[in-house]
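A.B. asks: Here's a structure for you.
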Amino acid sequence: QAMVTYVTVTTSLKGMSEFGAIYWPRIEVLNPTKPVYGTDDKIYAYPSGWAAGVYSRTDNSKPGGIYEPPAGVDQNIGVIDGCLGFEFDSVLREPVRDVVYPELINPITTEEGFERYLDGVYTLQAGGNFPTIAERRGVIFIERSIKLGLQFARHRNNDESLRARCRRTCELFLYVQMKLGAFRSQT
């Protein structure tokens with residue numbers, strides 16, 4: 001409940017943006033530098049860097065991986081490498097996860113027989129146009145790709161030939177992305 005209060009009241013992050021996500025709790029990792037982080041062999045770290053690693057691994061897991069939710073028990077998708085434990089073991093209980101997840105806090109957890117993994121897919125604005133991390137990141141990828149793919153047209157005469165070339169470029173790119181799972185439709 002303290003984390004829910006922190007996100008919804010103290011920082012007022014819930015609903016703020018579909019460009020961000022929150023993961024909880026902090027994870028236990030090996031201390032990489034004792035002079036910097038203290039003499040303990042293990043420390044608790046914020047999970048953002050590990051979540052970014054999961055995003056990257058998910059993106060590269062297959063063609064169209066960017067459209068897959070970066071969560072779950074699959075080793076190539078949602079598992080957090082190097083995570084030794086959690087700051088709070090309460091996240092291991094499903095009733096606790098059932099409190100934080102509806103508040104757009106993505107739990108990090110594990111279950112018997114599984115490694116530690118990201119267990120949530122929501123952005124901070126689940127009511128937005130792109131409520132999940134995969135949807136938001138997919139749209140960012142498509143927007144940036146089209147912008148880069150149309151750079152050739154920046155300094156050309158705006159005529160029907162150029163517009164047709166731009167249209168073909170975009171249509172082909174979007175068709176390929178559709179086949180990779182970017183859209184809910186295949187038409």
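A.B. asks: Among the lysines, which have Cα under 20 Å from the Cα of LYS62 when same-chain residues fewer than 8 positions away are ignored?
C.D. replies: In chain and number order, the partners are LYS179.
A.B. asks: Given a cut-off of under 8 Å on Cα pairs at least six residues apart, what relative contact order in percent is computed for segment 19-93? Walk me through the intermediate numbers first.
C.D. replies: Working: 94 pairs, mean separation 26.0, N = 75.
That works out to 35 percent.
A.B. asks: Compare TYR23, TYR175, TYR122 in a GNM of the chain, Cα atoms joined below 10 Å, and give the one with the largest fluctuation.
C.D. replies: Maximum among the listed residues: TYR175.
A.B. asks: Using a Cα-Cα cut-off of under 18 Å, which lysines could be cross-linked to LYS34, ignoring same-chain neighbours fewer than 8 residues away?
C.D. replies: LYS42
A.B. asks: While we're here: With every protein chain present, what is the per residue accessible area of segment 128-187 (1.4 Å probe, Å²)? Walk me through the numbers on the way to the answer.
C.D. replies: Numbers: 4430 Å² over 60 residues.
Result: 74 Å² per residue.
A.B. asks: Right, next: So for the chain, averaging the separation of alpha carbon pairs under 8 Å that are six or more residues apart and normalising by length, what relative contact order in percent results? Don't skip to the answer; put the middle values down first.
C.D. replies: Numbers: 274 pairs, mean separation 44.7, N = 187.
After rounding, I find 24 percent.
A.B. asks: Given the options THR132, ALA2, ILE77, identify the residue whose Cα lies farthest towards the positive end of the charge dipole of the chain (+1 on Cβ of Lys, Arg; -1 on Cβ of Asp, Glu).
C.D. replies: Of THR132, ALA2, ILE77, it is THR132.
A.B. asks: Report the paramagnetic label zone for LEU180: residues of segment 54-71 whose backbone N is under 16 Å from a point 7 Å from Cα along the Cα-to-Cβ axis.
C.D. replies: So the set is 55-70.
A.B. asks: For segment 1-104, which whole-number percentage of the solvent-accessible area (1.4 Å probe, protein heavy atoms only) is attributable to carbon and sulfur atoms? Don't skip to the answer; put the middle values down first.
C.D. replies: On the way: 3280 of 5870 Å².
On segment 1-104, the fraction of accessible area on carbon and sulfur atoms equals 56 percent.
A.B. asks: About the Cα centre, and with charges only on the beta carbon of Lys, Arg (+1) and Asp, Glu (-1), how big is the dipole of segment 84-143? Nearest 20 debye, please. Walk me through the numbers on the way to the answer.
C.D. replies: Details: 5 positive and 11 negative charges, 49 e Å.
Value, rounded to 20: 240 debye.
A.B. asks: Please check which bits of segment 125-163 a label hung off THR169 would reach, taking the label as a point 7 Å along Cα-to-C-beta and the cut-off as backbone N under 19 Å.
C.D. replies: From segment 125-163, the list is 140-163.
A.B. asks: Rounding to the nearest 20 debye, state how big the charge dipole of segment 120-180 is about its Cα centre with +1 on each Lys and Arg Cβ and -1 on each Asp and Glu Cβ. If you can, show how the numbers build up before the last one.
C.D. replies: Numbers: 11 positive and 5 negative charges, 40 e Å.
My answer is approximately 200 debye.
A.B. asks: Another one. Project the alpha carbons of segment 37-167 onto their principal axes and report the range along each, largest first, in whole Å.
C.D. replies: If we take the Cα atoms of segment 37-167, the spans are 64, 35, 28 Å.
The values are calculated or read from the model by the stated rules, or taken from the named source; none is laboratory data. Being a predicted model, the structure only gives us computed values, none of them experimental. With ideal geometry, Cβ positions are generated from the backbone for all residues, glycine too; neighbour counts draw on all protein chains shown. With ligands, DNA and RNA removed, areas are computed over all heavy atoms of the protein, side chains included. Shrake-Rupley method; radii C 1.70, N 1.55, O 1.52, S 1.80 Å.
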